[in-house]
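The values are calculated or read from the model by the stated rules, or taken from the named source; none is laboratory data. Given the structure is predicted, the values throughout are model-derived calculations rather than measurements. For neighbour counting, all protein chains shown are included, and Cβ atoms are generated from backbone atoms with ideal geometry for every residue, glycine included.
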Amino acid sequence: MEFSELNSAFLPDEADDTQPALLFIPDISGFTRFMHENKIKYSRNLIADLLETIIDANIINLEVCEIQGDAILFYKLGAPPTIEEVVNQCKQIFLDFQNYLKIMERDGSLLGTQLLENKLTLKIVAHYGRISVTQIKSYIKLMGMDVILAHRLLKNNIEGSEYVLLSEGYLKTQKPEAIEKSFEWTQLREGSTEYEHMGRVRYKYAFLTPLRLLVTDPEVEHNRNHYPNTFSLEVKVQAPLDLVARIIRNYRLKPAWMQGMKTAQYDISKSDRSGTYCKCQMEKGGCIEIQTLQFKAFADKVEYIEKITNFKMFPNALLFLNAQAASPHATLLTLEFHYSRVSVGDYFYDSFGRKKMRDLMGKSLKSLKELCEHVQANKELPTKKNA
């Protein structure tokens, strides 16, 4: 089934105020069952974090129109993004979503156990058509048959729960050879569904499951061959485990060792809680956000995980700091940087960007070691001025 490149979305009707736009809807599969089995008071924070993760993974400048329970309606006015851009956007969202779940599954709480038993995942619909943008008080509302169609496409004949669906309306705007090339990592299939008042709608779809090979597991040692989007650095610190643990969790001290960071702003009353956000101004301009995802302390080791957003090269990343007692007065500190930029074949991100980030994290780890050893020698944490 081949689609013509001509798209009626470019051709406005007479006296029509509609505009061509991409409609992009990631939808959480398994959401209803998960909410039912875990009750809203236990799962609402997790779902909120997952929806935030999806929004943070926006790398093609989509606009958020509305959040509809388990789905987010994004849109982008004007000419359609290329198939490569749309596919990379789907990959980015799926991997960020799955990486976040992987961390939450490790939590020893009831919620972590329920995640293992009830798998949440994503399906994504991309459609291109004409929409009317309406202002209702301070809210933006999208209207038109193409908006209805995009939502209807979430209900289809596809057997599976994690896939990307590209409508005929979008595929008509792309060259067949570009479409084929963008799906070399999986199989692109043909499908269609009959909808009331709309007739039979054709589309193509691909399962996102092969991308699970890129989802990083925090329980195992990573290497470049199996996990190309991670790297690990290690250093021995001449300071006890409990001191190192206090320093890596201390947002106030973050600018003292994280390279390129100027200031850190956070709610001091919540600084030791999982889920706490910290806004960090960078020396070269711009701002990144850090969120504490998990802190687990054992007798001889500590595991600390942060989510970092708004890095220019890596829009979403996870920072693992694992501290292992080497002796009563020494700690083996491991830094793992997990990123899910998936611009396959892009030399800049695969080589230069990775090298630059590895160098930055290497310098940060060295500074962290020096800070810990300085504190140990002086028996006190630096003041805010020194930090």
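All conditions but one from (1) at pLDDT 85 or above; (2) out of contact with any Pro (no Cβ under 8 Å at 6 or more places or on another chain); (3) surrounded by 15 or more Cβ atoms within 10 Å (Cβ to Cβ) apply to residue 61; the one that does not is (3). For segment 201-224, the set of residues classified as outside any loop (DSSP other than H, G, I, E, B) and modelled with pLDDT under 95 consists of 209, 210, 211, 212, 213, 214, listed by residue number. Of all residues in segment 277-310, those satisfying the criterion of being of a type outside the set (A, V, I, L, M, F, W, C) and either touching a His at 6+ places or on another chain (Cβ under 7 Å) or not in a strand (DSSP E or B) (or both) are 283, 284, 285, 286, 300, 310.
Against the condition modelled with pLDDT under 95 and either more than 15 Å from residue 124 (Cα to Cα) or of a type in the set (Gly, Ala, Ser) (or both), how does residue 30 come out, does it pass? In short, yes. Scanning for something at pLDDT 80 or above and over 26 Å from residue 298 (Cβ atoms), does segment 316-337 turn up at least one residue? No, the conditions are met nowhere in segment 316-337. The set of residues in segment 153-182 being touching a helix residue (DSSP H, G or I) at 6+ places or on another chain (Cβ under 7 Å) and part of a loop (DSSP other than H, G, I, E, B) consists of 162, 174. Among the candidates 155, 181, 123, the residue that is surrounded by 14 or more Cβ atoms within 10 Å (Cβ to Cβ), in the same structural domain as residue 93 (by TED's automatic domain parsing) and modelled with pLDDT of 90 or more is uniquely 123. Residue 115 passes every criterion in (1) modelled with pLDDT under 95; (2) surrounded by 15 or more Cβ atoms within 10 Å (Cβ to Cβ); (3) in a loop (DSSP other than H, G, I, E, B) apart from (3). Of all residues in segment 321-336, those satisfying the criterion of being of a type outside the set (Gly, Ala, Ser) and part of a strand (DSSP E or B) are 321, 322, 324, 331, 332, 333, 334, 335, 336. Restricting to segment 253-302, what's the tally of residues that are surrounded by fewer than 17 Cβ atoms within 10 Å (Cβ to Cβ), modelled with pLDDT of 85 or more and over 25 Å from the mean Cα position of the chain (by Cα)? Counting residues in segment 253-302 that are surrounded by fewer than 17 Cβ atoms within 10 Å (Cβ to Cβ), modelled with pLDDT of 85 or more and over 25 Å from the mean Cα position of the chain (by Cα) gives 5.
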